[in-house]
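Everything on this sheet refers to the single structure shown next.
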Amino acid sequence: MSTQPEIVPVQEEVQEDAAIPPIVEKKTRGPATQPNKATLRFQLKEAQELLVIRDEEMRILADQLVDREADVEQFEMNLTNTYQINKGLRKLISDGSEVVAHMKKAAKTAAKKERIMKRKLVEAEAEATLLKKDNRKLKKGKKRMEEKIKELEEKVGKGSMEGMEDPTNVLQSKENSSSNSKTMEA
């Protein structure tokens, strides 16, 4: 056994050889005779069928050629478009340094504004905390004043029964307490 692979004929070549029938000549003892008419007709018919097949193959190849030419035109257009795109990208890259510088400047400005806003936020939160404390104090003061007013009203109610206090005196104390609460709010 040899280690060399066998050479296999290409399928297309085999088909071509099979498609053309050989001319069969009868060998006789005498001078060479012509093939009979039936064999010639059969061979003619086979050749015509083969011609039709070849014509169809040529038509298909012509269509493929037209398609390939259209593909070549499309590739040329794509190449032109790609060139234009690359040219534009190169211009953008060259302009990119200016854009980057501008963006860095904008980023620095934004960072500066952010620091200022954070500082203002901290100040506003501190002020809000102080205002809450003041508000609580004012509410407590208001409650105390309301309690005092109730006590005074109760005393006035008891005093009017006993006749001890003057009602005009109670009104003045109410006015004084309301003016005191206003000064505390301010």
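The values are calculated or read from the model by the stated rules, or taken from the named source; none is laboratory data. These figures come from a predicted structure and were not determined experimentally. All Cβ positions, even for glycine, are placed from backbone atoms using ideal geometry, and neighbour counts span all protein chains on display.
Is there a residue being surrounded by 10 or more Cβ atoms within 10 Å (Cβ to Cβ), assigned to a helix (DSSP H, G or I) and of a type in the set (S, T, N, Q) anywhere in the stretch 88-107? No, the conditions are met nowhere in the stretch 88-107.
Residues that are at pLDDT 90 or above and among the β-branched types (Val, Ile, Thr) within the stretch 136-171 comprise just one, Ile149. Only one of the numbered conditions (1) at pLDDT below 90; (2) of a type outside the set (A, V, I, L, M); (3) not in a loop (DSSP other than H, G, I, E, B) is violated by Gln74, and that is (1).
Kindly establish whether Thr129 is over 42 Å from the mean Cα position of the chain (by Cα) and in a helix (DSSP H, G or I). When the stated conditions are applied, Thr129 passes them.
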